[in-house]
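The structure appears below as structure tokens.
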Amino acid sequence: MHIVVKELKYDVVIVGQGPAGSSLSYLLRKSGLRVAGIDWVDWDHLWGKPCGDAIGAHHFEETGLPEPGDAVMQDVEGIDIYSPSEEIRLRVKGKGYMISRNRYGRRLVKEAMDSGVDVFLKTRVGTVVMENGKLVGVRARGPDGETFIFKANIIVDATGSGGSIRRKLPQEWPVNEPLKKTDASVAYRRIVELDYDIEEPEYIRIYLNQKIAPGGYWWLFPKGRRTANIGLGIQGGRGFPHPAQVYRDVLMKRPDVGREVKVYADSGALVPTRRPANTLAWDNFIGIGDNGYTVNPIHGGGMGYAMTAAKYAAKTIIEAFEKGDFSRYTLWAVNTKYMRTLGTKQAGLDIFRLFLQQLTDEEIEWGLKIGLMRAEDAYDTSVSGELKANFSVLDKAAMIVKMLGRPSMLLRLKTVADYMKKVKQLYMEYPDSPDDLARWVDRVEQVYREYKEKLGITW
Ligand SMILES: Cc1cc2nc3c(=O)[nH]c(=O)nc-3n(C[C@H](O)[C@H](O)[C@H](O)COP(=O)(O)OP(=O)(O)OC[C@H]3O[C@@H](n4cnc5c(N)ncnc54)[C@H](O)[C@@H]3O)c2cc1C
């Protein structure tokens, strides 16, 4: 049989048109570069990966991407965080939206296409094309079974944590960095219509409960008065049950969850919940979004950070074309831009995540009860990546008496705060050149080893 292979040449090929890839297509639409965006889904399934659909309002301003407009299904005023007993509630204020991902994604892709980006949907990238050890393109199968070879100076992997491109690159390339199971959350969600009116739909709810969602949390995010996105994320690699099973066996028995009239969507996926990948770039290659592990390690939100990674990637790509150099040395700029800003915060939060994942329900309940973490502390911690527990109260006599019953907790908190600072500092010292990456990675890994040993974390 004779196979016809169609070869297409671009400046930049972006594989994946989810939040990361379509943001990049949008941001490059007026760059004058020849850009191709590829995704295996069709128009109606763009941004189709299961998600909680919640996004902070600040991401749009920070990235210059269009406001969600008619994609908003519910304005969000803040997050209610519930203790395991649900007797304590922290109300963390902050504006955001519950969105229709498909509607917003379609808008970005359409605007990119209208400005000249070529978007190939229903097109699956299977392999990378290497010539003399250099990444020069990708090979894909189109909607009618035709074979395409897309060639470009820069190939962007925006295919999510599965890393369709990244994991096919040579093993010795540091971008080919596997995701440890315990550094990911197995998440599942349903979008449902309920038979009751949700009170205060402008507050999304997070429930901390290690019995229901070990190493993660379960959520109820209203998308209007009667519709909600409900789901849970459970830490991977530790033998915990699958979240879909917990949803059926436990959550469905709750009166606020089980009273479904209609199920609009029902599926799960993996969320990387670790510090950012050691590098987002190598020769002729950039990986962004879940692909570069840019998700917030504490709450698992990744859309906004995928958009930020796209912003830095767009700048780096434009600079690379101005220089006419697509080697790791030029593309490194995406790392220095990302790691020394968001990356440092996310790395700090990763240290905090490891601590939270080994707490018992009793310890969480107790910490919230004595006011060790207040709503403003939760907010400040998530924004800064530094532990903002209510340390001031620890000086007060009453608090010291309360803490006396749990001296190990006091010590652990101190360790957590110290290591959050240490890791943040290391990310601020992210190397200027790829030649120094290996040494820097050794330092980071050493700090993680020490920290885990101090907290007795064996996974
Ligand atoms: C259950 C759940 C709840 C979540 N809740 C939230 C939340 O409330 N808020 C939030 O901000 N984040 C949330 N996240 C995380 C968020 O969904 C991701 O961080 C975000 O979607 C990452 O965007 P991305 O573009 O990097 O990857 P993806 O969304 O995974 O997009 C990757 C794209 O690449 C395409 N693709 C993959 N392989 C190929 C291939 N070989 N060829 C062609 N195309 C390919 C896919 O079709 C897809 O369109 C949640 C995740 C889960 C699983």
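Please treat every number below as a calculation from the coordinates, not as lab data. A quick note: this is a predicted structure, and the numbers were derived from the prediction, not measured. Here Cβ is always computed from backbone atoms with ideal geometry, including for glycine, and neighbour counts include all displayed protein chains.
In terms of modelled amide H atoms, which long-range or inter-chain residues lie less than 5 Å from the amide H of Asn209?
Those lying under 5 Å, H to H, from Asn209 are Trp218.
Looking at the stretch 207-298, which trypsin sites (Lys or Arg not before Pro) are in a loop (DSSP not H, G, I, E or B) and have at most 10 other Cβ atoms within 10 Å?
Those satisfying the criteria are Lys211.
In the chain, what percentage of the DSSP-assigned beta bridges are antiparallel, given to the nearest 5?
70
Given H placed on each backbone N at 1.01 Å, which residues far from Ser267 in sequence or on other chains put an amide H within less than 5 Å of it?
Arg189
What ranking, highest mean first, results for peptides 168-177, 228-237, 97-106 when packing means the other Cβ atoms within 10 Å averaged over each residue?
The peptides rank, most packed first, as 228-237, 97-106, 168-177.
Can you work out ³J(HN,Hα) from phi for every residue in the stretch 252-260, in order, using Karplus 6.51 cos²θ - 1.76 cosθ + 1.60 and θ = phi - 60°, giving whole Hz and x for Gly and Pro?
Working through the residues one at a time gives 4, 7, 7, x, 7, 10, x, 7, 7 Hz.
I need the phi-derived Karplus couplings for the stretch 283-294: 6.51 cos²θ - 1.76 cosθ + 1.60, θ = phi - 60°, integer Hz, Gly and Pro marked x.
4, 6, 9, 9, x, 10, x, 3, 4, x, 6, 8
Separation of the stretch 1-37 and the stretch 256-300 by C-alpha centroid, Å?
22
Tell me which residues come under 5 Å, amide H to amide H, from Glu429 once H is placed; ignore anything under 5 positions away on its chain.
For Glu429, whose amide H was placed from the backbone, there are no distant partners under 5 Å.
At what distance in nm do the modelled label points of Leu411 and Asp42 sit from each other, each positioned 7 Å from its Cα along Cα→Cβ?
Distance between the two pseudo-spin positions: 6.1 nm.
Under 15 Å from a point 7 Å along the Cα-to-Cβ line of Asp436: which residues of the stretch 311-352 have their amide N that close?
Residues passing the 15 Å test: 329, 332-333, 335-337, 339-340.
Show me, for the stretch 427-441, the HN-Hα J-couplings you get by feeding each phi into the Karplus relation (A = 6.51, B = -1.76, C = 1.60, θ = phi - 60°), rounded to Hz, glycine and proline as x.
The phi angles translate into 5, 5, 9, 3, x, 6, 9, x, 5, 9, 4, 4, 5, 5, 4 Hz.
Percent of Cα-Cα pairs per 10 Å bin, from 0 to the last occupied bin, for the chain, please list those.
The percentages, shortest bin first, are 4, 20, 30, 25, 14, 4, 1, 0, 0.
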